[in-house]
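Here the structure is laid out as structure tokens; the discussion comes afterwards.
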Amino acid sequence: MACIFCSIAEGKIPAKIFHDDEHIVGFYDIHPQAPVHALFIPRKHISTLNDLDENDAQLLARLFLAAKEFAQREGIAQSGYRLVMNCNSDGGQTVYHLHLHVLGGRWMKWPPG
Ligand code: AMP
Ligand code: ZN
């Protein structure tokens, strides 16, 4: 079955994309859980955190740097935000293409549900 996030990265299905470069794509989550809720994905298909290896280290750093810059642009850097990567069933992962959630614009509970 085709991967929905690969399809978004390839422009085959629509999304509110605000970041698009050689390595990563950023778009707004279709079911926002906070006033600001975006996702960053690598163009390369990696299913879960468990599938990362040493060669992906720079890619992971790019996701975090893009998230940081996005938070600054959205005006939530000072108020704060949360980065989340869910892994497999207990982690609450529903889309099996690695993605970094950026959530902000409201106070985030801890611990998460
Ligand atoms: P996770 O539960 O961590 O795997 O997160 C998957 C996220 O992808 C959820 O927050 C969904 O709302 C979001 N999502 C699923 N399909 C789409 C889509 N077509 N466009 C944007 N976000 C999506
Ligand atoms: Zn994929």
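Residues that are charged (D, E, K, R) and open to solvent by less than 40 Å² (accessible area, probe 1.4 Å) within the range 11-48 comprise just one, D29. Being modelled with pLDDT of 95 or more, surrounded by 16 or more Cβ atoms within 10 Å (Cβ to Cβ), part of a helix (DSSP H, G or I) and of a type outside the set (S, T, N, Q) is a description that does not apply to L98.
Each residue in the range 31-58 was checked for being closer than 19 Å to A15 by Cβ and either polar (S, T, N, Q) or more than 16 Å from ligand 2 (Cβ to nearest atom) (or both), and 8 pass. It is to be established whether one or more residues within the range 3-19 are at pLDDT 95 or above and touching an Asp or Glu at 6+ places or on another chain (Cβ under 8 Å). No: zero hits. Of all residues in the range 11-35, those being in contact (Cβ under 8 Å) with a residue 60 or more places away in the chain and touching a Gly at 6+ places or on another chain (Cβ under 6 Å) number 2. Apart from one condition, I8 fits all of (1) surrounded by 14 or more Cβ atoms within 10 Å (Cβ to Cβ); (2) β-branched (V, I, T); (3) without any contact (Cβ under 8 Å) to a residue 40 or more places away in the chain; (4) more than 14 Å from ligand 2 (Cβ to nearest atom); the exception is (4). Just one residue in the set E69, E74, E54 is more than 15 Å from ligand 1 (Cβ to nearest atom) and surrounded by 16 or more Cβ atoms within 10 Å (Cβ to Cβ); that residue is E74. Being charged (D, E, K, R), open to solvent by 30 Å² or more (accessible area, probe 1.4 Å), touching a residue at least 24 places away in the same chain (Cβ under 8 Å) and within 15 Å of ligand 1 (Cβ to nearest atom) is a description that does not apply to R106. Going through (1) open to solvent by less than 30 Å² (accessible area, probe 1.4 Å); (2) more than 14 Å from the chain's Cα centre (by Cα); (3) in contact (Cβ under 8 Å) with a residue 12 or more places away in the chain one by one, S79 falls short only on (1). Just to be sure, is A61 farther than 16 Å from G104 by Cβ, more than 16 Å from ligand 2 (Cβ to nearest atom) and open to solvent by less than 60 Å² (accessible area, probe 1.4 Å)? Judged against the criteria, A61 is a match.
The values are calculated or read from the model by the stated rules, or taken from the named source; none is laboratory data. Treat the numbers as computed from the prediction; the structure is a model and nothing was measured. So basically every Cβ, Gly included, is an ideal-geometry build from the backbone, and we count neighbours across all protein chains shown. The protein model used for the area step is the full one, side chains on, heavy atoms only, and it has no ligands, DNA or RNA in it. Shrake-Rupley method; radii C 1.70, N 1.55, O 1.52, S 1.80 Å.
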